[in-house]
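Would you mind keeping the following structure in view while I ask a few things?
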Amino acid sequence: MIEVFNLHKSFIDKKDKKNTVKALDGLSFTAKDGEITGILGPNGAGKTTCLRTLYGLLSADEGFATIDGIKVTEDPIAARANLGVFPDKFGLYERLTAYEQIDYFASLHGMTGETKKQAIAQVLKDLDMEELAHRKTVGFSQGQRMKVTLAQALVHQPKNFVLDEPTRGLDVMSTRVLRNHLAKFKAKGHCILFSSHVMQEVAALCDRVIIVANGKVAAQGTPQELCDLAGEEQLEDAFVKLIGSDEGVAA
Amino acid sequence: MNLDFIQLKALIVKEYKEAFRDKRALMAALGFAILAPIMIVVGTKIMIEKSVDQPPVYIKFTGAEYAPKLITHLSDNNILAFADIPESDQAIWDDRNIAIEIPEDYAQNMAEGKPIKIHLKADYTDKAVLVPVSRINSAVREFSMTIGYKRLQLRGVDVRLLNPIKLVEQDTAKPDATFMMIAMILGMYLMLAAFMSGLSVAIDSSAGERERNVLEMLLCQPVSTLKIVIAKLIGASTISVIGVVLLLVLTSISVGFIDLTKIGATFSLGLSSTLVLILLLIPICFFASALQLFFAFQAKSFKEAQSTVTMILGVPAFIPFVLMMMDDRPQWLSWLPIAGQSLIIEDIFKGVDVNWLAVFTTSGVTIAITAVLVLILAQRLKSEKVVMALS
């Protein structure tokens, strides 16, 4: 379970105070176990800032985030132990093979020996990337890179799983693989939180959608509830309408 | 196995894999260690040749045909006949006008065992003549002695009887300037090697990883930043230690090829002094890598990291140089990293006994400063400014 309470975060330009960006402005939401929660928002709405605060990479000016009840700011290491992360900006260790890289992250989560081997074999099979496993990652395509990153985030079977726009650059087959994978995790009772721009995906996959605009929650509910709230049939139209005016959301 | 150990092992193994697979950086690091001994050998050889070279001396012989063996002996000592002179030097030696006269009855007197008089004519007030004259003098005396010894031996007399007392000379003067120069350059090279060898690995594993967006991913994992810093430090300093050891081994082999005794210096890099040097330089390797990681992580980009860290290279080059210039060295200088080690290295090269207390104090201080750097860096890595390279 991932909970976020009243997050505030500003990026202050020391030279020019007017340039200060208020990225988060009292953002609160909950992502429950056994559900897929989607964060939807326009560019610059504060999605990535919110998720980075969740990993403990950024510290909030006000408010806090908890993972399975553990405050990220208080015990970041214990909080991250229950977390699988697919970050906004990701790179690969280009001098390692995909297998070595996944192995590295599995070890960082304390896995060893046979358990680790099996877990890696499983995740390689699940993501259909056994052929890639023993190649150095240097010439990988965008989609292949995504897969490696996903594999290293999933290998330790995290209870909570945060993905920052996981489907950008993936082809249809890979997107389906990912979707099925997430659905399986959900069925096992894991908590999945992901941000996205792609409406169809959010509509198809998410149990709950949180629409973020200007650093706060503009609306939340199931895709259907959001459509009803906005009085539109398509989620996309509902989204545009909901972030378009604050008055409509207050209702 | 506990979690800390598993994580640390995974981190270190990964740093090693990346460092040793980066062939280009590795070559750059170790190339320095390989090049340095070659440069030292070539440079020293040239210096020695200059200082002990026997330039040719040209003499006007008369009656050379009577004593061919003597002439051969002289020409072995680079004392040559005027006829062989190159045109460019002709005027000089014509002016010096050194002449040797060998008498007609040389061969006959030699055969009969009578004393032979050879005349050496030169203007002894001319200073330029003095060195050639003394060389001719000793060459002729040497030749004469050899014949004398042979005569005595033929008559069954032990030639040692001629030298009842032998004076053994020991020079207690300070090693000359040439030798001090070599020692200083080598000392500086060793320091530089400690800083140079790990440099690219240190930058690559810190600013490089941040630029390639892999650092962010790593910092999202349940690993303490201290472990990350320690693993990176071990990765970079291992390369640095390899560089230093390689440099020392190659240097100790290559100084065998230079005959320093020719310039009156004794310099050997024996096994024991090599080991002391390695012991002394290992903390410096760690210190250098910690310093480089410290600045590279705080730089805003890979480029900035490269330029800042390269500037740090001035430190190991500058400090030994300043020490050379100082006449009164305050005590605390010998405790500081780099300065302390430079002083001890100087002692080792001079052949002075190693002051172990100084070795341990300066190593201790170096390790302590390294530890502080690591702790501060681990703390800094928790800050979003360093992680995201914000200003």
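The values are calculated or read from the model by the stated rules, or taken from the named source; none is laboratory data. It should be emphasised that the depicted structure is a prediction, and the values quoted were computed from it without experimental measurement. All Cβ positions, even for glycine, are placed from backbone atoms using ideal geometry, and neighbour counts span all protein chains on display.
Counting only residues that are closer than 26 Å to A:Ile2 by Cα, of a type in the set (S, T, N, Q) and crowded, with 18+ Cβ neighbours inside 10 Å, how many does segment A:67-122 have?
So the answer is 2.
For segment A:80-102, which residues satisfy the criterion of being facing chain B (nearest Cβ under 8 Å), part of a helix (DSSP H, G or I) and under 23 Å from A:Phe185 (Cβ atoms)?
A:Arg80, A:Ala81
Can you tell me which residues in segment B:333-353 are touching a residue at least 40 places away in the same chain (Cβ under 8 Å) and either part of a helix (DSSP H, G or I) or within 13 Å of B:Phe287 (Cβ to Cβ) (or both)?
To start, the set of residues in segment B:333-353 that are touching a residue at least 40 places away in the same chain (Cβ under 8 Å) comprises B:337-338, B:341-342, B:344-346, B:348-351.
Answer for segment B:333-353, where residues must be touching a residue at least 40 places away in the same chain (Cβ under 8 Å) and either part of a helix (DSSP H, G or I) or within 13 Å of B:Phe287 (Cβ to Cβ) (or both): B:Pro337, B:Ile338, B:Gln341, B:Ser342, B:Ile344, B:Ile345, B:Glu346, B:Ile348, B:Phe349, B:Lys350.
Further question on the same structure: Is it true that B:Ile230 is part of a helix (DSSP H, G or I) and more than 19 Å from B:Ser383 (Cβ to Cβ)? Even if it seems obvious, please write down each step before you answer.
Working: part of a helix (DSSP H, G or I): yes; more than 19 Å from B:Ser383 (Cβ to Cβ): no.
No, not satisfied.
Of all residues in segment A:188-247, which are assigned to a loop (DSSP other than H, G, I, E, B) and more than 19 Å from the chain's Cα centre (by Cα)? Please lay out each step first, then the result.
At the first step, the residues of segment A:188-247 found to be assigned to a loop (DSSP other than H, G, I, E, B) are A:188-190, A:197-198, A:206-207, A:214-215, A:222, A:231-234, A:245.
Within segment A:188-247, A:Gly231, A:Glu232, A:Glu233, A:Gln234, A:Ser245 qualify.
Looking for whichever is of a type in the set (A, V, I, L, M) and within 23 Å of B:Val13 (Cα to Cα) here; the options are A:Leu127, A:Leu150. Which one fits?
On the way: A:Leu127 fails: within 23 Å of B:Val13 (Cα to Cα).
Just a single option satisfies the conditions, and that option is A:Leu150.
If a residue must be within 12 Å of chain B (Cβ to nearest Cβ) and either in a helix (DSSP H, G or I) or in contact with an Asp or Glu (Cβ under 8 Å, 6 or more places away or on another chain) (or both), how many such residues does segment A:103-128 contain? Spell out the reasoning first.
To start, the set of residues in segment A:103-128 that are within 12 Å of chain B (Cβ to nearest Cβ) comprises A:103-113, A:115-116.
Now restrict to residues that are either in a helix (DSSP H, G or I) or in contact with an Asp or Glu (Cβ under 8 Å, 6 or more places away or on another chain) (or both): A:103-108, A:113, A:115-116.
Summing the residues that are within 12 Å of chain B (Cβ to nearest Cβ) and either in a helix (DSSP H, G or I) or in contact with an Asp or Glu (Cβ under 8 Å, 6 or more places away or on another chain) (or both) in segment A:103-128 gives 9.
Restricted to segment B:354-391, and to residues that are of a type in the set (Lys, Arg) and not in a loop (DSSP other than H, G, I, E, B), which residue is farthest from the other protein chains (Cβ to nearest Cβ)?
Within segment B:354-391, the first condition is being of a type in the set (Lys, Arg), and the residues that meet it are B:380, B:382, B:385.
Within this subset, residues satisfying the condition of being not in a loop (DSSP other than H, G, I, E, B) are B:380, B:385.
Working: B:Arg380: 14, B:Lys385: 10 Å.
The selected residue is B:Arg380.
Considering each of B:Lys69, B:Lys114 in turn, give the residue that is assigned to a helix (DSSP H, G or I) and modelled with pLDDT of 85 or more. Spell out the reasoning first.
Values: B:Lys114 fails: assigned to a helix (DSSP H, G or I).
Just one listed residue meets the conditions, B:Lys69.
Within segment B:106-127, how many residues are under 17 Å from B:Lys69 (Cα atoms) and surrounded by 12 or more Cβ atoms within 10 Å (Cβ to Cβ)?
So the count comes out to 7.
Would you say A:Leu58 is within 12 Å of another protein chain (Cβ to nearest Cβ) and either closer than 23 Å to A:Ala151 by Cα or part of a strand (DSSP E or B) (or both)? Step through it out loud before you land on a result.
Working: within 12 Å of another protein chain (Cβ to nearest Cβ): yes; either closer than 23 Å to A:Ala151 by Cα or part of a strand (DSSP E or B) (or both): no.
Considered against the rule, which asks whether it is within 12 Å of another protein chain (Cβ to nearest Cβ) and either closer than 23 Å to A:Ala151 by Cα or part of a strand (DSSP E or B) (or both), A:Leu58 comes out as no.
May I ask you to list pairs of residues, at least six apart or on different chains, whose Cβ atoms are under 8 Å apart, with the first in segment A:76-94 being among the basic types (Lys, Arg) and the second being outside any loop (DSSP other than H, G, I, E, B)?
Cβ pairs passing all conditions: A:Arg80/A:Tyr55; A:Arg80/A:Ile67; A:Lys89/B:Glu216.
Taking into account only those residues within segment B:346-367 that are aliphatic (A, V, I, L, M) and loosely packed, with under 13 Cβ neighbours inside 10 Å, which is modelled with the highest pLDDT?
To start, the set of residues in segment B:346-367 that are aliphatic (A, V, I, L, M) comprises B:348, B:352, B:354, B:357-359, B:365, B:367.
Still in the list and also loosely packed, with under 13 Cβ neighbours inside 10 Å: B:352, B:357.
Numbers: B:Val352: 78, B:Leu357: 89.
By that ranking, first place goes to B:Leu357.
A quick yes/no check of all residues on (1) under 25 Å from B:Ser334 (Cα atoms); (2) surrounded by fewer than 17 Cβ atoms within 10 Å (Cβ to Cβ); (3) within 14 Å of chain A (Cβ to nearest Cβ); (4) free of Cβ contacts under 8 Å to residues at least 12 places away in the same chain:
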site: B:Val223; (1), (2), (3), (4): no, no, yes, no
site: B:Gly243; (1), (2), (3), (4): yes, no, no, no
site: B:Leu250; (1), (2), (3), (4): no, no, no, no
site: B:Cys285; (1), (2), (3), (4): yes, no, no, no
site: B:Pro320; (1), (2), (3), (4): yes, no, no, no
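Let me ask another. Taking only segment A:83-108 into account, find how many residues are under 14 Å from the mean Cα position of the chain (by Cα) and not hydrophobic (A, V, I, L, M, F, W, C). Steps first, please.
Taking segment A:83-108 first, the residues under 14 Å from the mean Cα position of the chain (by Cα) are A:83-90.
Filter again for not hydrophobic (A, V, I, L, M, F, W, C), leaving A:84, A:87-89.
Going through segment A:83-108 one residue at a time, the tally reaches 4.
So for segment A:166-184 (the condition being acidic (Asp, Glu) and modelled with pLDDT of 85 or more), does at least one residue qualify?
No, because not a single residue in segment A:166-184 is acidic (Asp, Glu) and modelled with pLDDT of 85 or more.
Still on this model: Of the residues B:Gln379, B:Gln331, which is over 26 Å from B:Gln298 (Cα atoms) and surrounded by fewer than 19 Cβ atoms within 10 Å (Cβ to Cβ)?
Values: B:Gln379 fails: over 26 Å from B:Gln298 (Cα atoms).
So the residue among B:Gln379, B:Gln331 that is over 26 Å from B:Gln298 (Cα atoms) and surrounded by fewer than 19 Cβ atoms within 10 Å (Cβ to Cβ) is B:Gln331.
Hey, does segment A:131-142 have a residue that's assigned to a helix (DSSP H, G or I), buried (at least 17 other Cβ atoms within 10 Å of the Cβ) and either at pLDDT below 90 or touching an Asp or Glu at 6+ places or on another chain (Cβ under 8 Å) (or both)? If you could, list the steps in order and put the result at the bottom.
To start, the set of residues in segment A:131-142 that are assigned to a helix (DSSP H, G or I) comprises A:137-139, A:142.
Within this subset, residues satisfying the condition of being buried (at least 17 other Cβ atoms within 10 Å of the Cβ) are A:137.
Filter again for either at pLDDT below 90 or touching an Asp or Glu at 6+ places or on another chain (Cβ under 8 Å) (or both), leaving A:137.
Checking segment A:131-142: at least one residue is assigned to a helix (DSSP H, G or I), buried (at least 17 other Cβ atoms within 10 Å of the Cβ) and either at pLDDT below 90 or touching an Asp or Glu at 6+ places or on another chain (Cβ under 8 Å) (or both).
Being on the phi > 0 side of the Ramachandran plot and either away from chain B (no Cβ under 14 Å) or free of Cβ contacts under 8 Å to residues at least 12 places away in the same chain (or both) is the filter here; which residues of segment A:61-75 pass it? If you could, list the steps in order and put the result at the bottom.
Pass one, segment A:61-75, residues on the phi > 0 side of the Ramachandran plot: A:63, A:68-69.
Within segment A:61-75, A:Gly63, A:Gly69 qualify.
Okay, residues lined up against (1) surrounded by 13 or more Cβ atoms within 10 Å (Cβ to Cβ); (2) aromatic (Phe, Trp, Tyr); (3) away from chain A (no Cβ under 14 Å); (4) not in a helix (DSSP H, G or I):
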position	(1), (2), (3), (4)
B:Phe5	no, yes, no, no
B:Lys9	yes, no, no, no
B:Ala19	yes, no, no, no
B:Ile34	yes, no, yes, no
B:Ile38	no, no, yes, no
B:Thr44	yes, no, yes, no
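Looking at segment A:3-43, which of its residues are basic (Lys, Arg), surrounded by fewer than 23 Cβ atoms within 10 Å (Cβ to Cβ) and not in a loop (DSSP other than H, G, I, E, B)?
Quick first cut of segment A:3-43, residues basic (Lys, Arg) only: A:9, A:14-15, A:17-18, A:22, A:32.
Next cut, surrounded by fewer than 23 Cβ atoms within 10 Å (Cβ to Cβ) only: A:14-15, A:17-18, A:22, A:32.
Within segment A:3-43, A:Lys17, A:Lys18, A:Lys22 qualify.
Separate question: Testing B:Arg210 on (1) at pLDDT 85 or above; (2) more than 14 Å from chain A (Cβ to nearest Cβ), one condition comes back false. Which one is that?
All conditions are met except number (2).
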